[in-house]
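The values are calculated or read from the model by the stated rules, or taken from the named source; none is laboratory data. On a predicted model such as this, the values are computed, not experimentally measured, just so you know. In this analysis, Cβ positions are derived from the backbone assuming ideal geometry, glycine residues included, and neighbour counts consider all displayed protein chains. The protein model used for the area step is the full one, side chains on, heavy atoms only, and it has no ligands, DNA or RNA in it. Shrake-Rupley method; radii C 1.70, N 1.55, O 1.52, S 1.80 Å.
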Amino acid sequence: MTAKMKLHWSPKSPYVRKVMICAHELGLLPRLELVRSVAAMLKPNPAIMVDNPLSKIPTLVREDGSTLFDSILICEYLNDHAGGALFPAQGEERWQALRWHALGDGLLDVLILWRNEREREHPLQALVDAFELKTRASLKLLDAEADLIGSAPFSIGHVTLGCALGYLDYRFESLGWRALAPRLADWFSTLQARPSFQSTEPVDG
Ligand SMILES: N[C@@H](CCC(=O)N[C@@H](CS)C(=O)NCC(=O)O)C(=O)O
């Protein structure tokens, strides 16, 4: 039996979801052993820290015991491992895929910080306003690029944008993002039909 890679995992984390979608698309799910790991900014988890001193998920432990962390690195490793096409090798296609990845990941970072702030007893309003401004500006840009996004070959850029939009649905329903970015919403509904997205919808518990 082939040894499995261990993934510190949670069904709620949008960064873990990136890895799970890539693994699904690349046919690597059977190679992963999922270990439910709770990662919280205010409570470093010793079980994760054995493999990642930053106490963040996703963290991957390879068959030989070596570790990889940060979702982009794990996704690229899996893509390489499977000889996949989620990271275009060169040219404009590569820069565009990585640019959309950067925007999706940056948006996720904003949303995670925004959620942390709004759950504090006394949220700093200026910070909350800045997070909302950046979120709306990102959606505006992505909506303007929706046709381009829809016609580009499926890549890590699409995976990450999809995870960011899915996180908006999961934790920021009241923002009503679809009304702000209707063309992007149309693209997202086709993306959501992919089995890799359907099987990784975030869930509580
Ligand atoms: N840049 C990291 C972000 C990962 C991340 O922040 N994950 C969250 C869970 S959604 C986490 O582990 N938070 C715990 C912490 O920040 O201490 C990645 O892409 O993997």
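Summary table
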| quantity | calculated |
| --- | --- |
| Shape category assigned to the chain from the gyration tensor of Cα positions, a/c cut at 1.5 | oblate |
| Overall form of segment 5-82 per C-alpha gyration tensor (a/c, 1.5; a/b vs b/c) | prolate |
| Counting DSSP beta bridges with both ends in the chain, the antiparallel % (nearest 5) | 60 percent |
| Within the accessible area of segment 91-196 (1.4 Å probe), percent carbon and sulfur | 56 percent |
| Length gained when the stretch R115-T190 is fully extended (0.36 nm per residue, less Cα-Cα span) | 24.3 nm |
| Pairwise label distance in nanometres, L29 with R183, each label 7 Å out on the Cα-Cβ vector | 3.3 nm |
| Candidates per GluC sites (Glu not before Pro) in segment 111-160, loop by DSSP, up to 13 other Cβ within 10 Å | E119, E121 |
| Pairwise FRET efficiency - A47 versus F154, Cβ, R0 = 30 Å, nearest 0.05 | 0.30 |
| Lysine pairs within the chain, Cα separation less than 25 Å, 8 or more sequence positions apart or different chains | 15 |
| 3J(HN,Hα) from dihedral phi, segment 99-110, Karplus parametrisation 6.51/-1.76/1.60, rounded to Hz, x for glycine, proline | 5, 5, 4, 4, 5, x, 5, x, 5, 4, 4, 4 |
| Where labels lie 7 Å past Cα in the beta-carbon direction, separation of E132 and L73 in nm | 3.7 nm |
| Centre separation in Å (Cα based) which lies between segment 32-66 and segment 148-204 | 26 Å |
| Hypothetical label at R62: residues of segment 16-49 whose amide nitrogen lies under 11 Å (7 Å Cα-Cβ projection) | none |
| Farthest toward positive dipole pole in segment 5-82 [+1 Lys/Arg, -1 Asp/Glu at C-beta], among I48, A82, V19 | I48 |
